[in-house]
Every structure is written in structure tokens, then in C-alpha cells.
Amino acid sequence: MRLQVKGKNVEVSDSLKDYAAQKLGKLDKHLNDAARLELELQVEKNPSISENQVAEAPPQRSQVATRAVVTVDDRRYVLDGERSTIGRSRDADCVLRDPNVSRHHAELRRSPRGEWTIADLGSTNGVKVNGRRVGSTRLKAGDQVTLGTTTFRFDIEQ
């Protein structure tokens with residue numbers, strides 16, 4: 001496949017075509033049929049790439065599908081999204097009935113490698129992991145997390 005970039009014909013590698021098709025396929029389901037998508041390629045000068053080449057797309061890391069497990073008293077929340085909120089609000093993914101917990105107190109975030117972090121979302125009373133106050137930190141199975149006056153156990157399921 002050839003593309004014209006800044007008036008010059010450029011050969012596009014198969015891996016770059018596959019990468020673009022994958023990204024556009026995900027985007028396509030969010031666009032209406034009537035929507036028009038315009039793409040503009042920008043070429044930066046790179047001495048290791050000639051003007052007739054396009055660099056190979058970086059290899060994609062395989063994503064590890066882990067789930068976060070939050071155990072509070074007799075309740076168990078299994079969270080499998082990339083991001084999950086914890087707070088007092090009913091729209092939080094994990095609801096804690098504690099007046100010392102903010103409506104949207106903290107967020108659990110899964111990395112592509114399946115690791116989890118917790119981040120304080122600007123709460124009044126903060127986040128503690130194993131007794132230490134943190135703004136954001138990586139979690140491991142068995143960690144004790146305190147939001148407000150509520151402490152829960154964090155685990156990871158494969």
C-alpha cells in the first residue's frame with residue numbers, strides 16, 4: 001500500500017496497516033455511519049528513517065486480564081474494568097457506606113500487564129495502604145486499604 005505524505009509517495013508496512021485497522025475498528029463502533037473521519041499523517045524528521053519508509057508499529061504487549069477483588073466485611077466486589085471507582089456514591093463501582101468516605105474517594109486502575117494501582121481522587125480523608133497514607137501506589141494481593149474509617153482487603157484474580 002502506498003500513501004502520499006507531504007506530496008511524497010510512502011510505502012506503508014503490513015504491520016502498520018494492521019495496527020491502524022485495529023485502532024480504527026475500535027473507533028468505528030463509536031462513530032455514526034454519517035460521521036466523517038479525516039486523518040492527517042504527520043511525518044517528523046528522523047535520521048534513522050529514510051523519506052521512503054515508515055517505521056514499523058511497535059509490537060503490542062499482550063494484556064493480562066486480571067480482576068481486582070475488594071472484600072469489605074461480608075461484601076465482596078469483583079472489579080474487572082480497567083478503572084473502577086470506590087466511594088460513597090451509588091454510582092461508584094464499589095460502594096462504601098462510611099460518612100468519612102468521599103462520594104468518589106479513590107480509583108483502582110489496571111495496567112496492561114495486569115497490575116493494579118489505587119489513586120486518591122482528591123478525597124478529604126485520604127487513602128492508606130497497609131497503614132501508610134498514599135496519593136497513588138501499586139497494590140498487591142493481601143494489601144489492607146483504608147478509606148475513611150473503612151478498611152478492606154485487596155486481592156487479584158487471574
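For the stretch 126-140, putting each phi into the Karplus relation 6.51 cos²θ - 1.76 cosθ + 1.60 with θ = phi - 60° gives couplings of x, 10, 10, 10, 6, x, 10, 5, 9, x, 7, 7, 6, 9, 10 Hz, in residue order, rounded to whole numbers and with x for Gly and Pro.
Contour minus end-to-end for ALA119 and ARG103, with contour as 0.36 nm per residue of separation and end-to-end as the Cα-Cα distance? Write out the running numbers ahead of the final one.
Values: separation 16, 0.36 × 16 = 5.76 nm, distance 1.43 nm.
Separation in residues times 0.36 nm, less the Cα-Cα distance, equals 4.3 nm.
Of the GluC sites (Glu not before Pro) found in the stretch 69-126, those that fall in a DSSP loop while having at most 11 other beta-carbon atoms within 10 Å are GLU82. Net charge in the neighbourhood of ALA65 (other residues with Cβ under 12 Å of its Cβ; Lys, Arg +1, Asp, Glu -1) is 0.
Going through the stretch 78-158, which trypsin sites (Lys or Arg not before Pro) have at most 16 other Cβ atoms within 10 Å and a DSSP loop state? Present the calculation step by step, with values, prior to reporting the outcome.
Working: sites: ARG83, ARG88, ARG90, ARG97, ARG103, ARG109, ARG110, ARG113, LYS128, ARG132, ARG133, ARG138, LYS140, ARG153; in loops: ARG88, ARG90, ARG97, ARG103, ARG113, LYS140.
Passing sites in the stretch 78-158 are ARG90, ARG97, ARG103, ARG113, LYS140.
Every read-out reported here was derived from the displayed coordinates using simple, explicitly stated rules and does not represent laboratory data. Everything quoted here is computed from the prediction, not taken from an experiment. Cβ: placed from backbone, ideal geometry, glycine included. Neighbour counts: every protein chain shown.
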